[in-house]
Amino acid sequence: MHSIQKQVAWITGGATGIGLAAARALAKEGAVVVISGRRSAEIEAAVAAAKADGLTLHGLATDVSDAAQVERSAQQIAAQHGPISILVCSAGTNVPNRFLNKLTPADFGKVIDINLKGVAQCVMSVLPGMRAQANGVIVVVSSWAGREFLPFTGMAYNSAKAALTMLARSVNHDEGRHGVRCTLVQPGEVYTPILKTRPRPPSTADCETMLRMEDLGDLVRYVVTLPPHVCLNEVLISPTHNRFDIGADDLKPAL
């Protein structure tokens, strides 16, 4: 595997969930890890918890839906820690009123701004530095909803995640010649706090069958430590007990 010792990694949505698990996994590999998110208190808590476990994370409050903030954060990270060679886009959201009988244009825009535009803005902010290094790994955390239609996730979320597939393909097409590679990760159900935003949250027993955040953290670590000439374009990962395939009552939208 390829060493990422002292390489600079920026993890968006890194204070909680999959992003935090990825940040901790990369810190264990010796990377210089910067986590960002919208809420400073969550970032500070994540940094403190990592320190208690003997890991070093750096925090930087950033709203990925704000292009100017994203650009400033990318520049600040590079100035303080060195050029960014790893980007993990894990910031994401959904809204409770996600079906068309209640979805508002404002809520639709919020989901698109974070889940799609936010990813694009972060990618574009790091590409000049990655081209200059002739090296860069980008991991985009999408969803099973980016591969198959999931009715319970709603139009905004489904639209954003489906678009990320073409975003990742575009990065590999345009930037592979410059040493930059992008992996699209499409998880099935993961036991994370975002489950609470579902109109019908799953039971505790169902949550126990799901992927863990650490499973995705380990996957991100594997992807970014592949040799530079290897690009893992897409990963579709699910729990062994995959409720998306077999169905479940709480996955049926109550329209």
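Observations on the structure shown:
- Magnitude of the charge dipole, the chain, Cβ model with Lys/Arg +1 and Asp/Glu -1, debye to 20: 300 debye
- Long-range HN-HN contacts of residue 16 with modeled amide H, under 5 Å: none
- Computed on protein heavy atoms with a 1.4 Å probe, the accessible areas place 16, 225, 56, 240 in the order 240, 56, 16, 225, largest first.
- A Förster radius of 22 Å combined with the Cβ-Cβ distance from residue 103 to residue 148 puts the calculated FRET efficiency at roughly 0.60.
- Farthest towards the positive end of the charge dipole of the chain, among the residues 251, 195, 168, is the Cα of 168, using unit charges on the Cβ of Lys, Arg, Asp and Glu.
- FRET efficiency, residue 237 to residue 133 (Cβ-Cβ, R0 35 Å, nearest 0.05): 0.75
- Length gained on full extension, residue 173 to residue 48, computed as 0.36 nm times the residue gap minus the Cα-Cα distance: 41.1 nm.
- DSSP-assigned coil residues among chymotrypsin sites (Phe, Trp or Tyr not before Pro) in region 143-197, each with at most 10 further Cβ atoms within 10 Å: 149
- For percent of Cα pairs over 33 Å apart, computed directly from the structure shown, the correct entry in (1) 15; (2) 38; (3) 30 is (1).
- Options 76, 100, 222, ranked by Cα towards positive dipole end of the chain, top entry (Cβ charges): 76
- For the pair region 1-80 and region 181-255, the centres of their Cα atoms are 21 angstrom apart.
- Electrostatic dipole magnitude of region 1-119 [Cβ: Lys, Arg +1; Asp, Glu -1; Cα centre; debye, to 20]: 140 debye
- Label point distance in nm, residue 204-residue 61, each placed 7 Å from Cα along Cα→Cβ: 3.5 nm
- Put simply, the convex hull of the Cα atoms in region 1-128 casts, on average, a shadow of 8.5 nm².
- Among complete DSSP H helices in the chain, those whose alpha-carbon atoms stretch at least 15 Å along the helix's long axis and whose mean Kyte-Doolittle hydropathy reaches -1.0 are 17-28, 40-52, 67-81, 118-133, 155-175, 213-224.
- For the listed residue pairs 110/161; 117/161; 51/110; 102/252; 102/196; 28/117, the alpha carbons are over 21 angstrom apart in 51/110; 28/117.
The values are calculated or read from the model by the stated rules, or taken from the named source; none is laboratory data. Computed from a predicted model, the values in this text were never measured in an experiment. In this analysis, Cβ positions are derived from the backbone assuming ideal geometry, glycine residues included, and neighbour counts consider all displayed protein chains. Accessible surface areas use protein heavy atoms only, side chains included; no ligands, DNA or RNA. Shrake-Rupley method; radii C 1.70, N 1.55, O 1.52, S 1.80 Å.
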